1. Could you tell me whether residue 67 is assigned to a strand (DSSP E or B) and not small (Gly, Ala, Ser)?
2. Exactly one of (1) farther than 23 Å from residue 22 by Cβ; (2) touching a residue at least 60 places away in the same chain (Cβ under 8 Å); (3) crowded, with 19+ Cβ neighbours inside 10 Å; (4) charged (D, E, K, R) is unmet by residue 94. Its number?
3. As an exercise: evaluate residue 56 against (1) out of contact with any Pro (no Cβ under 6 Å at 6 or more places or on another chain); (2) surrounded by 22 or more Cβ atoms within 10 Å (Cβ to Cβ); (3) hydrophobic (A, V, I, L, M, F, W, C); (4) touching a residue at least 40 places away in the same chain (Cβ under 8 Å) and give the number of the one condition it does not meet.
4. Out of curiosity, is residue 23 at pLDDT below 95, of a type outside the set (Lys, Arg), within 11 Å of the ligand (Cβ to nearest atom) and not in a helix (DSSP H, G or I)?
5. I'm checking my understanding of the structure. Among residues of the stretch 66-98 that are within 22 Å of residue 24 (Cβ to Cβ) and in contact with a Leu (Cβ under 6 Å, 6 or more places away or on another chain), which one is farthest from the ligand (Cβ to nearest atom)?
6. When only residues in the stretch 181-203 that are out of contact with any strand residue (DSSP E or B) (no Cβ under 7 Å at 6 or more places or on another chain) and exposed (fewer than 13 other Cβ atoms within 10 Å of the Cβ) count, which is modelled with the lowest pLDDT?
Amino acid sequence: MNAPARPSRPIAHDSVSRAFGAAHGYDRHAPVQHRIAQGLARRIAALDLAPAPAVFEFGCGTGFLTQALLAETALASPQARWRVTDLAPAMLARCHERLGPRANLQLSTLDAEYAEPEDGPFDLIASSLALQWFDDPLAALARMGGWLAPGGHLMVTTLGAGTFAEWRAAHTALGLEAGTPPFLDARRFAALAGAQVRVEPIVEHPGSARAFLRALKAIGAGTPRTGHRPLAPAELRAVMAQFERNPCTATYEVVTIHLARPSEPETPALRPDTQPSRPDPR
Ligand SMILES: C[S@@+](CC[C@H](N)C(=O)[O-])C[C@H]1O[C@@H](n2cnc3c(N)ncnc32)[C@H](O)[C@@H]1O
């Protein structure tokens with residue numbers, strides 16, 4: 001296992017796990033996340049996947065993406081082998097509830113940034129909206145690219161630097177700083193070797209600052225970045241009023257990243273007496 005050293009941590013993973021674990025109302029409050037997972041599943045279904053792929057999903061949450069992928073032909077094959085993981089045990093339990101028992105699907109708790117699943121390599125690595133909670137998403141993606149089988153694909157969504165720009169602008173206007181995670185500029189992902197990146201904004205109209213904050217808390221996405229000073233109640237009220245002074249929108253800058261590992265070139269046919277012994281397939 002080549003787990004990386006933990007750098008100084010912009011996001012406390014134990015707090016992230018606790019917040020998502022407590023998100024009993026995730027499904028009710030996550031229509032945007034649902035829509036993003038379904039769009040990602042459609043894109044994954046259009047890839048040239050192996051007929052019965054080995055799949056690794058990280059940050060499965062309650063299973064929006066897992067369920068949408070399981071509806072797709074190659075991925076629905078009973079011969080496909082799935083490793084579905086999340087940092088928060090309670091999220092995995094919700095995912096299990098959604099999917100029910102399946103012989104070819106293994107659910108396990110895993111911090112996908114600091115631990116490696118043991119059953120690789122994988123034909124597909126997929127994830128929706130988990131990567132923005134990593135300390136170093138770029139290093140994690142580069143490592144995961146190494147977990148792909150020849151001909152395999154990694155396709156994930158995350159949130160880019162434009163996410164919640166309106167909420168941050170409301171803070172800045174008052175000389176304050178928002179506690180939102182340090183969302184990366186999509187160009188940083190595009191600079192990864194071989195990466196194809198697509199950026200799509202989704203603009204939500206939460207109706208009020210209170211509704212915006214309540215929904216984030218209900219889905220477990222309220223963990224502030226490390227070192228953020230919580231606002232005093234009066235400061236928070238002022239930020240909320242400022243947010244509502246503008247059109248009261250919340251933009252999700254959805255970044256889809258695709259890495260593909262080339263297939264291995266066909267070895268030329270050898271004469272029977274020169275055939276090497278067959279290597280272990282995995
Ligand atoms: C916003 S939810 C998305 C869940 C689901 N993929 C969806 O689309 O609805 C983010 C999920 O990522 C998980 N997560 C965050 N950091 C993680 C990490 N380092 N390793 C694995 N999962 C992580 C959280 O526990 C949470 O369930």
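The values are calculated or read from the model by the stated rules, or taken from the named source; none is laboratory data. What you see is a predicted model, and the numbers here were worked out from it, not measured in a lab. Every residue, glycine as well, gets a Cβ built from its backbone with ideal geometry; the counts of neighbours run over all protein chains shown.
1. No, not satisfied.
2. Of the numbered conditions (1) farther than 23 Å from residue 22 by Cβ; (2) touching a residue at least 60 places away in the same chain (Cβ under 8 Å); (3) crowded, with 19+ Cβ neighbours inside 10 Å; (4) charged (D, E, K, R), the odd one out for residue 94 is (1).
3. Single failed check for residue 56: (1).
4. Values: at pLDDT below 95: yes; of a type outside the set (Lys, Arg): yes; within 11 Å of the ligand (Cβ to nearest atom): yes; not in a helix (DSSP H, G or I): yes.
Taking the combined requirement at face value, the residue satisfies it.
5. Selected residue: 96.
6. 182
Residues checked against (1) at pLDDT 95 or above; (2) in contact with a Ser or Thr (Cβ under 7 Å, 6 or more places away or on another chain); (3) surrounded by fewer than 20 Cβ atoms within 10 Å (Cβ to Cβ):
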position: 119; (1), (2), (3): no, no, yes
position: 123; (1), (2), (3): yes, no, no
position: 134; (1), (2), (3): yes, no, no
position: 138; (1), (2), (3): yes, no, yes
position: 146; (1), (2), (3): yes, no, yes
position: 160; (1), (2), (3): yes, no, no
position: 170; (1), (2), (3): yes, no, no
position: 178; (1), (2), (3): no, no, yes
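So that you can scan it fast, the table gives a plain yes or no per residue for (1) part of a loop (DSSP other than H, G, I, E, B); (2) within 16 Å of the chain's Cα centre (by Cα); (3) among the polar types (S, T, N, Q); (4) within 26 Å of residue 31 (Cα to Cα):
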residue: 132; (1), (2), (3), (4): no, yes, yes, yes
residue: 139; (1), (2), (3), (4): no, yes, no, no
residue: 149; (1), (2), (3), (4): no, no, no, no
residue: 156; (1), (2), (3), (4): no, yes, no, yes
residue: 162; (1), (2), (3), (4): yes, no, no, yes
residue: 180; (1), (2), (3), (4): yes, no, yes, yes
residue: 193; (1), (2), (3), (4): yes, no, no, no
residue: 202; (1), (2), (3), (4): no, no, no, yes
residue: 207; (1), (2), (3), (4): yes, no, no, yes
